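So the structure is just underneath, and the comments pick up after that.
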Amino acid sequence: MIDLHTHTTYSDGSQTPTELVEEAAAIGLTAIAVTDHDTVDGLPEALAAGERLGVDVIPGVEINLEHDRVTMDMLGYFLAGMPTDELKRELADLRAYRDERNARMVERLAELGMPLDPLALAAAGENGAVGRPHIGEAMVRHGYVSSINEAFDLYLRRGAPAWVDRRRLALGRALGLLRASGALPVLAHPGIIRTDDAGLNRIVRDAARAGMVGIECYYPLHDRETVRRCLGLAERYALVPTGGSDYHGTVKPKARLGVGSLGGPVPDHALVDLRCLAEDQLERLA
């Protein structure tokens, strides 16, 4: 069993890379991809834990981007060695903007009568990674809301009173940075992208032309029809159909490690196909 979409405390997950790999080993996963948002800093720890525990850890990242005024996430797998300096700088800029965004959301909450201590909030994020889940947790501790879900629904989701938009890369820019670092780009959870079927087809078509190699078909929020639609796009544009849980630990308790669509496992062939592409790419670069 495998899982090609997970997060750690280096972004917005609740488990350290070591804890994540330990859980993967405990439930019998043979491979996981660690794909934190806008950072690769947790990969050395995850790789070391994987080697110790016999779990194949795929080094990855997840980047938020925009195309035709539609936002989406792109996964990058098999970062060859170290990312390029250009990718490192871009990821650092994205994290810096995230910190500014957090501060602005805290300011908006204070204006709404829900002050939070910025220093305590900064300390809540391990490895310096603070996101909306940490803000939601602080709101629960202060009694402003009864749950993190309520915090998101009422204040932190897109369009809510405390929402602040995030900086995103353009599609071509993101794909270029990933490919230059030896990564294989895969479109994350296409079924929840805010667009219609025609818009999704254009996104997948344009991304495939720009170097994307896969599409995440097997995902917990994809129903049977969405899986079929994604598999159809994979076939149309010669993409690898992949899958993952988008596991965040206790931050997203409904997402279970190793579970893809419809409560089933992620097919092993997704990793086999990606690995073949990665090996082909390494041969071309040699």
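The values are calculated or read from the model by the stated rules, or taken from the named source; none is laboratory data. This is a predicted model, so every value here is computed, not measured. All Cβ positions, glycine included, derive from the backbone under ideal geometry; neighbour counts span all protein chains shown.
Numbers at a glance
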read-out: Condition check for Val186: surrounded by 14 or more Cβ atoms within 10 Å (Cβ to Cβ), outside any strand (DSSP E or B) and at negative phi; value: no
read-out: Which listed residue, of Arg194, Arg173, is closer than 16 Å to Thr71 by Cβ, in contact (Cβ under 8 Å) with a residue 60 or more places away in the chain and not in a loop (DSSP other than H, G, I, E, B); value: Arg173
read-out: Failed item in (1) hydroxyl-bearing (Ser, Thr, Tyr); (2) over 17 Å from the mean Cα position of the chain (by Cα); (3) closer than 16 Å to Asp36 by Cβ, with Tyr77 passing the rest; value: (2)
read-out: Residue count for the range 31-70, restricted to those that are under 28 Å from Arg166 (Cα atoms), in a strand (DSSP E or B) and either of a type in the set (Gly, Ala, Ser) or not assigned by TED's automatic domain parsing to the domain that holds Ala183 (or both); value: 2
read-out: Subset of the range 220-272 [part of a loop (DSSP other than H, G, I, E, B) and under 12 Å from His5 (Cα atoms)]; value: Pro220, Gly244, Ser245, Asp246, His248, Ala255, Arg256, Leu257, Gly258, Gly260
